[in-house]
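Chemist: If you scroll down you'll find the structure; I have some questions about it.
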2 protein chains.
Amino acid sequence: MKKIKIGILGLGTVGGGVINILKTHKENFLRDQGVDIEIVQVASRSIEKARQLGVEDIFTTDGYELINNPEIDIIVELIGGTDIARDYIYAAIEAGKRVITANKAVMAQDFYELLEQSGTKGVELAFEASVGGGIPIIGALRNSLIGNRIESVLGIVNGTTNYMLSQMTQFGYDYNTVLQEAQELGYAEADPTADVGGYDAAAKIAILTTLAFNTEVVLSQVPTEGITRLTPLDIANAADMGYVIKLLAISNRTPEGIDMRVHPTMLPFDHALASVNGVFNAIFVVGDSVGETMFYGQGAGAGAAASAVVGDLIEVSQRIAFDITRPYIRFGTEQLPLKPANEVVLSYYLRLPVPDKVGVVAATATAFANQGVSINRMMQYPSTDESGIAELIYVTHPTREGDLKAVVAEIETSGILAAEAVLIRML
Amino acid sequence: MKKIKIGILGLGTVGGGVINILKTHKENFLRDQGVDIEIVQVASRSIEKARQLGVEDIFTTDGYELINNPEIDIIVELIGGTDIARDYIYAAIEAGKRVITANKAVMAQDFYELLEQSGTKGVELAFEASVGGGIPIIGALRNSLIGNRIESVLGIVNGTTNYMLSQMTQFGYDYNTVLQEAQELGYAEADPTADVGGYDAAAKIAILTTLAFNTEVVLSQVPTEGITRLTPLDIANAADMGYVIKLLAISNRTPEGIDMRVHPTMLPFDHALASVNGVFNAIFVVGDSVGETMFYGQGAGAGAAASAVVGDLIEVSQRIAFDITRPYIRFGTEQLPLKPANEVVLSYYLRLPVPDKVGVVAATATAFANQGVSINRMMQYPSTDESGIAELIYVTHPTREGDLKAVVAEIETSGILAAEAVLIRML
């Protein structure tokens, strides 16, 4: 039986998890799946990780050694990011290697180029681990749900921010406290921008949109807002109204095109995603035949993503071992337009930090009137410290986003705001 | 391009759903999946359904006409049950046809024979729709999660009983009222035994156990209890203690073997499955790498199951169209023992209908003492009608099931019971 020889780029948590699974389950994979997988080379920045994982004898710092190693059938890219990892993926495909990656940033940016290049080269590119950790959502969209016209994909796809928002909701902590806690627990990176800024979630919804709607989108097209400006007051106000705040990745089919975005969202308590807490991810998919489905699981951690990588690895290894043709799948054939963010109609929660003085309510309320935006609720909270800054909250009736933004612009222009306005969309 | 020619056995809700999807999405399947699927013949008991679906010109009452039709590549069996449907499946494989089925009863009974026969004949047998309606759980266990040692599978896998229990919980209705309602809505059949008796759920957990634990089990090995004896009092008592009653299909890996069973179960309110209501299904899977995952969706209805059937159909059609080898997967290689039901240790809720007279509490409590079973809670509810039958409720500390059953046997033997004892396990 032909041994399947693989090289692993990146020995972080996911790389370690993959090595661990392949060690533990090697005999089972051989017996039940018919594949004998051998790790022949690994690459990482330092040998320390390789030593800890017991793979220092096959270690190199140069990823191109793996890519140029004629013995290697499959390159497993687990470095992440769009710099060297992206170069490695392109080079590996160019060298005729099959590639398995967990890299959402690269997939969200270079999806079509990579699919086309791998198609030309006749090699596979598998990326189940790029979205939702161990949740098999890519496989579901590519295979099991293929008979559906997908209407909607709604997901909590970033474990870091979901953990932070869960802690803020449960314990009333403020943003900086939960960020520090998340960093101490290893849930957030030293530079948390990709997570808290919503960019990680944006990359994932770009990939999901591509697959679910069979259209061509990339990361830079996703209107994205993060969670950095949320306060305990916003969380408490949401709870008062029967909502919980989640960072949602959204993609809806509409008559005007795909409505795709990432932002903090108020979800009613009884929504299926409202009770998804901590580092868990969940992706809610609505199809014309299947109706509502939801996929739930750990979005982060060594084991979850490694599980998805190994799932891909077995499948690709079987294709090599049994000389199985790649099935024909064409992406991006729909070429749907994107619905402009300004045309979305939602209810909005708007928090305005204002000086506690005469005329601010009138001035802000006038801006709503001028733009024809109807107010559903209004609250004012006095300053809780010596800043003298009060918080003015407006909740609108369903409103065209462009009109709401005009309200915010008018208020900003008036110079009345003591700090940036905070906008939260309501589902 | 080679047309993929299929025959459909059974024109019920699922058959109609499949015909509808193939009609609606035909061009997309051709363009994006590279398969041109044509329904060349359909079989059903009467031509009426065929007329409604506009397929009367390719209709026959004799399923063997499809099986013996040399033009047909794939037989889609959507009749259900173990009588004629089972014969058709065997005959189709024997005739060298690929088979796609939604038939859990046959798969739970004849899994290994069918897999072996289809292996010998070199044809595929696909059965995603047999468990969980449109939820892609079979695909997840066979592919994406294959890198895991599965520890536990817990599922709400029967939509009928979940609807009934949800209605009993939400509105306090009694069993007969919700059964009649479910029948009127088409959620329960005229003879509801397969659903309310737990046999449908048992078939599904047998299939899931086979796949998740890679061991050989069949339907007849699943200890099964249905929901027929549950009363509003049981539901209310559960709620008082912070539990909701669900019909669970359970399969756990334990040091003594697989602990597999189907029965009404009290689940804590905050369990992920506790909020799965109505006809929805959800399957909770724990793997050593992936951790906790859950798959949620509609378990019944034309669309959900048809979505799963079409997912299989595209995959099998691609194998034909692109001359793709079947991957090698071996089932049942673990041959794990089953843990005897009597050795399971749980807390139990026991309701004893007793005559409201002196000595019954003492007599029943003595039985617990005799068997060394420790009581955690005890309640007595007076008779609410002229029957004079009181309800005595015992909740135990964690207890070996064999000991609890000895308690029940002792009480039954004493002749004190006015009706059958009701036992509900607690998670």
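Chemist: Along the stretch B:229-246, what does the Karplus equation 6.51 cos²θ - 1.76 cosθ + 1.60 (θ = phi - 60°) give for ³J(HN,Hα), rounded to whole Hz, x for Gly and Pro?
Modeler: Rounded to whole hertz, the list is 9, 6, 10, x, 4, 5, 4, 5, 4, 4, 4, 4, 8, x, 10, 10, 8, 10.
Chemist: Something else about it: Taking a ≥ b ≥ c as the square roots of the eigenvalues of the Cα gyration tensor of the stretch B:1-140, is the shape rounded (a/c under 1.5), prolate (a/b larger than b/c) or oblate?
Modeler: Judged from the Cα gyration tensor, the stretch B:1-140 comes out rounded (a/c under 1.5).
Chemist: With +1 on each Lys and Arg Cβ and -1 on each Asp and Glu Cβ, how big is the dipole of chain B about its Cα centre, in debye rounded to the nearest 20?
Modeler: That gives chain B a dipole magnitude of about 780 debye.
Chemist: How big is the charge dipole of the protein assembly as shown about its Cα centre, in debye rounded to the nearest 20, if each Lys and Arg gets +1 on its Cβ and each Asp and Glu gets -1 on its Cβ?
Modeler: So the dipole magnitude of the protein assembly as shown works out to roughly 720 debye.
Chemist: Which whole-Hz couplings ³J(HN,Hα) result when phi for each residue of the stretch B:338-343 is put into the Karplus expression 6.51 cos²θ - 1.76 cosθ + 1.60, θ = phi - 60°, listed in order with x for Gly and Pro?
Modeler: Each residue of the stretch B:338-343 in turn: 9, 6, x, 3, 5, 8 Hz.
Chemist: Treating cross-link reach as a plain straight distance, find the lysines whose alpha-carbon is under 27 Å from the alpha-carbon of B:Lys405, omitting any fewer than eight places away in the same chain.
Modeler: The reachable lysines, counting only those whose Cα sits under 27 Å from B:Lys405, are B:Lys204, B:Lys246, B:Lys339, B:Lys357.
Chemist: Also: Would you be so kind as to identify which of B:Ala201, A:Gln33, A:Ile21 lies farthest towards the positive end of the dipole of the protein assembly as shown, taking Lys and Arg as +1 and Asp and Glu as -1 on Cβ and the Cα centre as origin?
Modeler: My answer, from the dipole projection, is A:Gln33.
Chemist: Determine ³J(HN,Hα), in whole Hz, for all residues of the stretch B:272-283 in sequence, where each value follows from phi through the Karplus function 6.51 cos²θ - 1.76 cosθ + 1.60 and θ = phi - 60°; x replaces Gly and Pro.
Modeler: So the Karplus estimates, Gly and Pro as x, are 4, 8, 5, 9, 7, 10, x, 7, 6, 10, 8, 10 Hz.
Chemist: Given the rule -39500 (n - 2.57) for each run of at least 4 DSSP H residues, summed and divided by the residues of the protein assembly as shown, what is its mean residue ellipticity at 222 nm, to the nearest 500 deg cm²/dmol?
Modeler: The helix contribution divided over the protein assembly as shown gives -11000 deg cm²/dmol.
Chemist: Roughly how tilted is helix B:159-171, in degrees to the nearest 10 and between 0 and 90, from the longest Cα axis of chain B?
Modeler: Approximately 40 degrees, to the nearest 10.
Chemist: Name the residues whose placed amide hydrogens come within less than 5 Å of the amide hydrogen of A:Asn148, ignoring near sequence neighbours (fewer than 5 apart) on the same chain.
Modeler: none
Chemist: Which distances in nm, rounded to one decimal and ordered from shortest, link the label point of A:Pro70 to the equivalent label points in the other identical copies, with labels set 7 Å from Cα toward Cβ?
Modeler: Label-point distances to the other copies, shortest first: 4.9 nm.
Chemist: First check a/c for the stretch A:326-384, with a ≥ b ≥ c the square roots of the eigenvalues of its C-alpha gyration tensor; if it is under 1.5, answer rounded, and if not, answer prolate when a/b is larger than b/c or oblate otherwise.
Modeler: prolate
Chemist: With the label 7 angstrom out along Cα to Cβ, how close does B:Thr325 come to the same site in each of the other copies, in nm, nearest first?
Modeler: Label-point distances to the other copies, shortest first: 1.4 nm.
Chemist: For a quick check: with amide H placed at 1.01 Å from N, whose amide H comes under 5 Å from B:Ile37's, ignoring anything fewer than 5 positions away on the same chain?
Modeler: B:Ile4
Chemist: In terms of the Cα gyration tensor, with a ≥ b ≥ c the square roots of its eigenvalues, is the stretch B:55-96 rounded because a/c is under 1.5, prolate because a/b exceeds b/c, or oblate? Each step should come with its number before you reach the end.
Modeler: Details: a/c = 2.03, a/b = 1.18, b/c = 1.72.
Judged from the Cα gyration tensor, the stretch B:55-96 comes out oblate (a/c at least 1.5, b/c at or above a/b).
Chemist: With viscosity set to 1.306 mPa s at 10 °C, what whole-number translational diffusion coefficient in µm²/s follows for the stretch B:173-254 from Stokes-Einstein and a Kirkwood radius over Cα pairs?
Modeler: After rounding, the answer is 110 µm²/s.
Chemist: Quantify how strongly other chains surround peptide A:281-294 by giving the mean number of their Cβ atoms within 10 Å of each of its Cβ atoms. Could you put the intermediate results ahead of the total?
Modeler: Numbers: counts 1, 3, 0, 1, 1, 0, 5, 6, 19, 15, 10, 6, 14, 8.
Across A:281-294, the average partner-chain Cβ count within 10 Å equals 6.
Chemist: So what's the angle, to the nearest 10 degrees on a 0 to 90 scale, between helix A:401-413 and the longest Cα principal axis of chain A?
Modeler: Its long axis makes an angle of about 60 degrees.
Chemist: Hey, another quick one. When only alpha-carbon atoms are used, what values of Rg and Dmax, in angstrom, describe the stretch A:358-427?
Modeler: In order Rg, Dmax, the Cα atoms of the stretch A:358-427 give 12.1, 37 Å.
Chemist: Here is a follow-up. Between the stretch B:338-400 and the stretch B:67-83, what is the separation of their alpha carbon centroids in Å?
Modeler: Cα centres, the stretch B:338-400 to the stretch B:67-83: 51 Å.
Chemist: Counting only residues 5 or more places away or on other chains, whose amide H sits under 5 Å from the amide H of A:Gly198 once H atoms are built in the peptide plane?
Modeler: Long-range HN contacts for A:Gly198: A:Ile227.
Chemist: Separation between the B:Lys26 and A:Glu256 pseudo-spin-labels, each 7 Å from Cα along Cα→Cβ, expressed in nm?
Modeler: Spacing of the two 7 Å Cα→Cβ label points: 3.5 nm.
Chemist: Projecting each Cα onto the charge dipole of the protein assembly as shown (Lys/Arg +1, Asp/Glu -1 at the beta carbon, about the Cα centre), which of A:Ile320, B:Thr228, A:Gln52 comes out farthest on the positive side?
Modeler: Result: A:Ile320.
Chemist: Any idea what the relative contact order of the stretch B:242-294 is, in percent, if you count C-alpha pairs under 8 Å spaced at least 6 apart? Please report the intermediate quantities before stating the final value.
Modeler: Numbers: 61 pairs, mean separation 14.5, N = 53.
Normalised by residue count, the contact order of the stretch B:242-294 is 27 percent.
Chemist: Another one. Please report, for B:Gly257, the nm distances (one decimal) from its label point, 7 Å out from Cα along the beta-carbon direction, to the equivalent points in the remaining copies, shortest first.
Modeler: 6.2
Chemist: Follow-up question, since we're still on this one. Return the whole-Å distance between the Cα centroid of the stretch B:205-241 and the Cα centroid of the stretch B:264-337.
Modeler: Centre-to-centre distance over Cα atoms comes out at 17 Å.
Chemist: Then there's this: Highest GNM mean-square fluctuation, chain B, Cα pairs closer than 10 Å: which of B:Gly134, B:Gly122, B:Gly299?
Modeler: B:Gly122
Chemist: Helix B:199-213 versus the longest principal axis of chain B: what is the Cα-based angle in degrees, 0 to 90, to the nearest 10?
Modeler: The answer is roughly 70 degrees.
Chemist: Counting only other chains, and only Cβ atoms inside 10 Å, what mean value do you get across the residues of A:13-21? Let's see the in-between values first.
Modeler: Details: counts 0, 0, 0, 0, 2, 2, 0, 2, 5.
If you average over the peptide's residues, the count of other-chain Cβ atoms is 1.
Chemist: Related question: Let me check I've understood the local charge: for A:Ala363, count other residues with C-beta under 14 angstrom from its C-beta, Lys and Arg +1, Asp and Glu -1. What total comes out?
Modeler: The answer is -2.
Chemist: A follow-up question, please. To the nearest 20 debye, what is the magnitude of the charge dipole of the stretch A:286-379 about its Cα centre, counting +1 on the Cβ of each Lys and Arg and -1 on the Cβ of each Asp and Glu? Display every interim value, and only then the final one.
Modeler: Numbers: 7 positive and 8 negative charges, 79 e Å.
Rounded to the nearest 20 debye, it is 380 debye.
Chemist: Next question, about the same structure. Residues of B:298-307, mean number of Cβ from any other protein chain within 10 Å of their own Cβ, rounded to a whole number? Could you put the intermediate results ahead of the total?
Modeler: Numbers: counts 5, 0, 0, 3, 1, 7, 6, 2, 4, 11.
Taking all residues of B:298-307 together, the mean is 4.
Coordinate-derived values only; no laboratory data. Keep in mind that this is a model prediction, so the values were computed, not measured. Heads up, the Cβs are rebuilt from the backbone with ideal geometry, glycines too, and the neighbour counts pull from every protein chain shown.
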